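The values are calculated or read from the model by the stated rules, or taken from the named source; none is laboratory data. Model, not experiment: these values are computed from the prediction. Methodologically, a virtual Cβ is constructed for each residue, glycine included, from the backbone with ideal geometry; neighbour enumeration extends over all protein chains shown. Surface areas here come from the heavy atoms of the whole protein model, side chains and all, with no ligands, DNA or RNA. Shrake-Rupley method; radii C 1.70, N 1.55, O 1.52, S 1.80 Å.
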Amino acid sequence: MLEAVFDLLRCWSAVNVKNFLTQLHQFFVVYCNPLVFEDKPKVWASLGYGRAQVESLLKEFLLEDLVPGAFLKEPLREGLVTVLVWNKYLKPEHGEWLPYPCGVLCLPQKPREQLCSYWRELAAGFQDQECLQEVLKALESFCVLALRQKLTEWILVLPLLHLLRGHCRPFEPVPPLLPAAGSQIKNWAGLQGISLTDLQCPSTLMEVMAAHKNLVEVDRLLARSWMYLLGVEAVGEYCSIVPVDLLDVLHWLLIRLQAKLSSSKHEAVQQLLVCLLTAVKEQKFRCYDGSYGKTCLRVTVKLVERMCQAVTEPHFHTLTACVSLLAAIAEFARCFPPKLSEGTGAQPKSENMEMLGEALRMVRDWLRNTFPKVLLCPVGLHTTFTSMYELEAWNSMLSLCIGGEEFTECWRTTLQNDFEDKLKQERSQSQIEIYCNQMEELSRKLPAIAPCLEKCALESVTSICKEKTERSLFEWLNGYDLRKFGKLVSALVLKAWPRDDQGRYLDGEEAVVEHLLTWSAAKNVFQLQGTDGKLTDSASERMAQAASVFTAVANRLLDGNIQIKILQKILKRKEAFVELWNMFLAARHNDSLSVSGRCRNVKRFLEHREEEVKSIYHERQLLQNLLDVCHKLQEHVTVEVEDLENKLGADLETNTLDQFMEVHQPDAISSEDAGVVTYFRLPPGARAMAEALHTFSDSFLFNMCWESQATTLSRTDDITGAGPGPPASLDTVHDLVFQPCYRRYGEIYAGLRSGRLALQEVDAIFEDYKGKYDELTKDLEIMCLIAPTEDRRWIHRRVQQIEQYHELHLALEAAKVIMEVKQILCPQGDFGVLETLLGATGVDIKRECLDRIDNDLMKAKKDLEDLTEPRRRCLHELSLAGTFITWVKEALKDINELKVFVDLASISAGENDLDVDRVACFHDAVLGYAPMLYELKPDAGFWPFRAALEKLWKALKNDSNLPEKLRDTALQLKWLKTVKDSHGSVELSSLSLASTINHQGIYVILAQNHKKN
C-alpha cells in the first residue's frame, strides 16, 4: 500500500504531490492507531501494530526503495520527498544520520535553458502554498540538522531553498537591498529560518564553494549567503573565487564592523579592503547603472563612518585602506554617472560631492579625536614627534586622490590646513627644529606632509624675527648643516629685512646699518653666505647690499667722514658692530665681505669716536643752555643771540664727524687738537659761563640768584633812565649778570657749609622749599659742584636745621598758648622747657646764624609737635575762660561736687528747654576739661601738665565740639552762680553726702532700741 502512495509521484504535478501528501498522512494516522468498530471505535491492540511499526516501515521504504534516481528517476525530487517525509513523520533527533547526502538536494549542473525548464517542472509540483510551506520547513530543518552533523555540503541546499521561497529566479539578479538591523540581516543574506550556531571551518566551506561556484550564476542570492557564513579573513579569497557583487560585499562588511574589532580582525579587514581596492581598480566588479555606483558610494561612506568609530591609533592603516577604497569607488561611480531626468541638472554630481564632503568631515574628526595630544614633544634637549602613527596617518590621508581633481584639491587643502594649524600651535623654534631635524627623512618616507612641515617652518620665521631671537635660533641650530636649509635662511633674511609702509624693502644706508646692528643673526647669515649657503636670489641680493653698505660705512668710520646719525647707531650697538667688523676682517679673502685692515682694535677706536661725539653734543648743549638763559634775560635786558641761533640751527645729525673737529686717525699719531670741537667757536669767557650754566642748570638756588641779578640789572637801568641801547653782548652778560650771580651763589654755599648763614637769609632763600626737603637735598648736592672735592657730609645737618627752623613758628604758637593756660592753672609750676623755646622768638633770632638751631631747641620743639591746630584751639578757649575756670575750681571742689551740682541745676531747669541745654553744655564742658581743672596743682610743672593734656586730647577726640561748649558755658556763668546760690551749701553738701553714701556706704537695718552686736 505504501508503494501505491509513492507511485503518485511518478507523474510529477501539483495535484499528485498534494494527493501524495494527503494519502500518506491518512496512511500514517490510520496505521499508527488502528481501530475496530464494535458499536464504537476501539483500539485494535491485538493487532500489535502502532506508531513505531509505521515509522520503521517508512524509514525502511525511504532508505531501500526510494533510492535516489531509482524510484522517480529524478534524484532531486526523490531527495525533496525524502526530506519532507522524514521531517514530518520521523522527527529525527539530534545526532541521527541524514538519509541522503546533501549533494542530492543540490541543483544539477545544466545549461541555462535546460536548467530553467528543469526548475519550472520541479516548482510546478509545489504550487499549493500549504505544500510549499511544508517543503520549506523540511529543508530548513534539514540544513539545521546538517550543521549539527558538521556536514559542509549543506550550503549546496541553499539555492533550492532560495528558489522555492521565491527570493530569486534562476540566473536573474536580486535587488540591492540595504540590510536592516537584527534578524533582517539574515533575510538580506537569504538565511532566515536557519540557526547558524555550528558553522564549519571557513577553509572547508571555501572548498565546497569553489567546487560549486556555478550555483552562484543560477542563484544570485547565494553569493550573499555564502559570504555571510565566512569570516573577514576568508572573504578576500572568496571574492577572488566566487563572482560577487560589490555592493553585497560592502553591505556584508558594514554588517561585520558592528562588532568591536580585535587586532587580528583589524589586519583581516585591512587586507580585505586592499583586495576590494585592487578589484575595483582592475574593474572586476560590474556597475549595472549610475544609481548603482551612487549607492555603492553611499554605503562606502557609511563604512568610513563605522571605521572611524572602530579604528584606534595603532590600526590607522585600516581606516586608510577604507578611505582609499572610498576614493576608488568614487572614481567607479564617476565613470558611470546616473542618467539625468529633465530639469535635474547636475544634482547627482552634487550629491556625490556632498557624500565625499561628509567622509572628509568624518576623517577630520577622527584625526582630531584619535590624536588629541600635541604634535611635538621634548625628548632630552631635542624635539621630536609625539606619535609616528599620527604622521603616517596624515601622510596616508593627504596622499589620496578622491572624486576627481576638484574634490581631491579640496580634500588635500583641507587636511593640509588642519595639519598646519596643529603644527602651528607649537613654539616657532620647535617648528623650525623639527624641520631641520626631520625634513630630509620625511621627504623620503612621508612626502605628503613634508611640504606642510617646510611651510610652517618658513612661516615661523616671521614670529622669530618679531621677537628678535634669530641669534639664539642660529646658536641652537649650530649642530645642523644649514647649507641644506637655504630656503629657511633665505626666509629669515627676507622676513627680517626692514620695509616701508608699502611693504617695499628699505635700502638706504641708515636703514641697512641699523638693521645689521639690531639683527642678531647678521653674523651667522654672512658666514653662511661665504660658504655657498645656497640662498635664494632675493635673499642673496639683500645680503650683498648689506655687505656693501657695511664695508662703506666701516671705511668712513675710520676716515671720520661718517654722518653723526649713523655713528650714533654704531655707538649704540658697539658690540654688534665689533662682532661684524671682526667677522668681515677675518673674511678678507672674500672680496664681498672685506674691510680695511688699518684698524686692528676697533673696540678701542670706537671709544675715541664715542668721546668725540660726546664732545660735540656737550658743546651743543652748552650753547643751548646759554641760548635759553639769554632768551629769559630778554625780559630784563636785550641780548645779542643771533650768532648762537645760527650755530645751533645746523643739522647735527646729517653733518659728518670731521666737520666738527679734527678727528683721530687709526693709523697715525693724533695731534693735541684731535677731538677738540672747533665748530661752535665760543669766546673763553662765554664758554666758562656756558659750562657753569650747564653745571647748575637744574639748581633752583642758582636760577634764583641769576633771576635776582637780572632783575637788579633791569632795575638799575630803570633808575638811571637810560633808553634802549644796543643789545648786550655775551661778554656783557658774563660781567654784569653771571659773575655777580656766581659770587652770590658761592656766598650761599660758604654760609651753608659753615653754618653761619643768617636765619633771615634762610627765610628769604629757602622759603619755597617748605615741605620739599628731598628737593633741597638734591639742590645742595648740585651746589657742591662749586668745589667737587670738598666734604659733603654737612648737607644732611643743614637740611635738618632748615626743616626745624621752618616748623619752629608752630611750636612757638603752641608754647604761647600753654603758657597762657599755665598762668591760670599752674602759676607756680616749672615750665623752663617752654621758656627756652620762647626765648628764641622775636626779631633778635633772625640775626642769629643757622647753627642757632641746635639740639636743645629741637628737643623743646619736638615736645610740642603733637599740638595740632584743633588742640591749640582747645587750649586757647581754656585760656580765654579764666574767670569761669577760677569760679568752677572755687565753687566745686571735686568731680563729686560737680555731679551733684549738675543734678541740682537739672532740678532748677525743670522742663525749660533752654535751661536744660545750659546744664548739658556745662556738664560736657567741665567734665571734658576736668583733668586740667582737678588734676593739676598750682605748682605742677610741664610734665604733669603734659600728662593732663593727654586725657584732654582723648576727651576732644570723643567730642570735637568741646571748645565751643566751654565758650558757651563760660557765657552762662551768671546763671550758674544763681543756681548755686538758690540751693545753698547745706543742700549741696547733703546731696553730696547722700551721693557718697549711695556710692560706697553701708546701711544697717535694726529694731528700735536694739543694740548691734
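Per the conditions (1) at pLDDT 90 or above; (2) open to solvent by less than 30 Å² (accessible area, probe 1.4 Å); (3) more than 38 Å from the chain's Cα centre (by Cα), the sole criterion not satisfied by Val301 is (3). For region 504-520, check the following and say yes or no: at least one residue is open to solvent by 50 Å² or more (accessible area, probe 1.4 Å), charged (D, E, K, R) and not in a helix (DSSP H, G or I). The answer is yes, given that some residue of region 504-520 is open to solvent by 50 Å² or more (accessible area, probe 1.4 Å), charged (D, E, K, R) and not in a helix (DSSP H, G or I).
Summed over region 417-426, the residues that are more than 13 Å from Leu458 (Cα to Cα), out of contact with any strand residue (DSSP E or B) (no Cβ under 6 Å at 6 or more places or on another chain) and open to solvent by 10 Å² or more (accessible area, probe 1.4 Å) give a count of 5. In the set (1) under 28 Å from the mean Cα position of the chain (by Cα); (2) more than 22 Å from Leu325 (Cβ to Cβ), Arg444 fails one condition alone, (1). Can you find, within region 191-236, the residue that is farthest from Arg120 (Cα to Cα) among those that are charged (D, E, K, R) and open to solvent by 40 Å² or more (accessible area, probe 1.4 Å)? Checking each candidate, the answer is Glu233. Taking each residue of region 556-568 that is in contact (Cβ under 8 Å) with a residue 60 or more places away in the chain and looking for partners that are part of a helix (DSSP H, G or I) and of a type outside the set (A, V, I, L, M, F, W, C) with beta-carbon atoms closer than 7 Å, six or more apart or interchain, yields Gly560/Asp658; Asn561/Asp658; Ile562/Arg556; Lys565/Glu510; Leu567/Arg609. Residue-level check: of (1) open to solvent by 60 Å² or more (accessible area, probe 1.4 Å); (2) free of Cβ contacts under 8 Å to residues at least 24 places away in the same chain; (3) over 29 Å from Arg946 (Cα atoms), Ser906 misses just (1). Among the listed residues Glu607, Glu611, identify the single one that is part of a helix (DSSP H, G or I), touching a residue at least 24 places away in the same chain (Cβ under 8 Å) and open to solvent by 80 Å² or more (accessible area, probe 1.4 Å). Among Glu607, Glu611, only Glu611 is part of a helix (DSSP H, G or I), touching a residue at least 24 places away in the same chain (Cβ under 8 Å) and open to solvent by 80 Å² or more (accessible area, probe 1.4 Å). Residues of region 113-143 that are open to solvent by less than 30 Å² (accessible area, probe 1.4 Å) and within 19 Å of Leu191 (Cβ to Cβ): Leu132, Val135, Leu136, Ala138, Leu139, Phe142, Cys143.
Here Asp628 does not qualify as out of contact with any Asp or Glu (no Cβ under 8 Å at 6 or more places or on another chain) and either assigned to a loop (DSSP other than H, G, I, E, B) or among the polar types (S, T, N, Q) (or both). Only one entry in Leu622, Leu626, Leu644, Leu633 is touching a strand residue (DSSP E or B) at 6+ places or on another chain (Cβ under 6 Å), farther than 24 Å from Lys569 by Cβ and buried (at least 17 other Cβ atoms within 10 Å of the Cβ), namely Leu633. Among the candidates Trp411, Trp366, Trp394, the residue that is open to solvent by less than 80 Å² (accessible area, probe 1.4 Å), in contact with a Gly (Cβ under 9 Å, 6 or more places away or on another chain) and at pLDDT 90 or above is uniquely Trp411.
If you go through region 146-162 and keep only what is open to solvent by 10 Å² or more (accessible area, probe 1.4 Å) and either under 18 Å from Glu74 (Cβ atoms) or aliphatic (A, V, I, L, M) (or both), you end up with just Leu151.
Sub-8 Å Cβ pairs linking a first residue in region 2-15 that is closer than 10 Å to Gly125 by Cβ to a second residue that is at pLDDT below 85 and assigned to a loop (DSSP other than H, G, I, E, B), at least 6 apart or interchain, are Leu9/Leu72; Trp12/Leu72; Trp12/Glu74, ordered by first then second residue. The single condition from (1) in contact (Cβ under 8 Å) with a residue 40 or more places away in the chain; (2) farther than 20 Å from Leu156 by Cα; (3) of a type in the set (S, T, N, Q) that Gln271 fails is (1). Within region 16-51, the set of residues being assigned to a helix (DSSP H, G or I), without any contact (Cβ under 8 Å) to a residue 12 or more places away in the chain and farther than 30 Å from Gln129 by Cα comprises Ala45, Ser46. Selection of first residues in region 510-526 that are closer than 19 Å to Asn582 by Cβ and of second residues that are among the acidic types (Asp, Glu) and open to solvent by less than 10 Å² (accessible area, probe 1.4 Å), restricted to Cβ pairs under 6 Å at least 6 apart or on distinct chains, gives the following pairs, ordered by first then second residue: Ser520/Glu470; Ala521/Glu470. Is it the case that Ala940 is hydrophobic (A, V, I, L, M, F, W, C), open to solvent by 30 Å² or more (accessible area, probe 1.4 Å) and out of contact with any Lys or Arg (no Cβ under 7 Å at 6 or more places or on another chain)? So Ala940 does not fit the description; no. Sort out which residues of region 656-711 are in a helix (DSSP H, G or I) and β-branched (Val, Ile, Thr), and write them in order of number. Within region 656-711, Thr695, Thr711 meet the criteria.
Scanning region 699-720 for residues that are charged (D, E, K, R) and either at pLDDT 85 or above or under 13 Å from Tyr745 (Cα atoms) (or both) turns up just one, Glu707. One residue stands out in region 240-284 among those that are small (Gly, Ala, Ser) and open to solvent by less than 30 Å² (accessible area, probe 1.4 Å): the one that is modelled with the highest pLDDT, namely Ala279.
Consider Ala333 carefully, then state whether it is modelled with pLDDT of 80 or more, in contact with a Phe, Trp or Tyr (Cβ under 9 Å, 6 or more places away or on another chain) and closer than 17 Å to Leu276 by Cβ. Yes.
Would you be able to say whether some residue in region 760-783 is open to solvent by 80 Å² or more (accessible area, probe 1.4 Å) and among the β-branched types (Val, Ile, Thr)? Within region 760-783, none of the residues are open to solvent by 80 Å² or more (accessible area, probe 1.4 Å) and among the β-branched types (Val, Ile, Thr). In region 41-48, the condition of being open to solvent by less than 80 Å² (accessible area, probe 1.4 Å) and touching an Asp or Glu at 6+ places or on another chain (Cβ under 9 Å) is met by no residue. Can we say Glu420 is under 14 Å from Gly357 (Cα atoms) and at pLDDT 90 or above? Spelling it out, it is not the case that Glu420 is under 14 Å from Gly357 (Cα atoms) and at pLDDT 90 or above.
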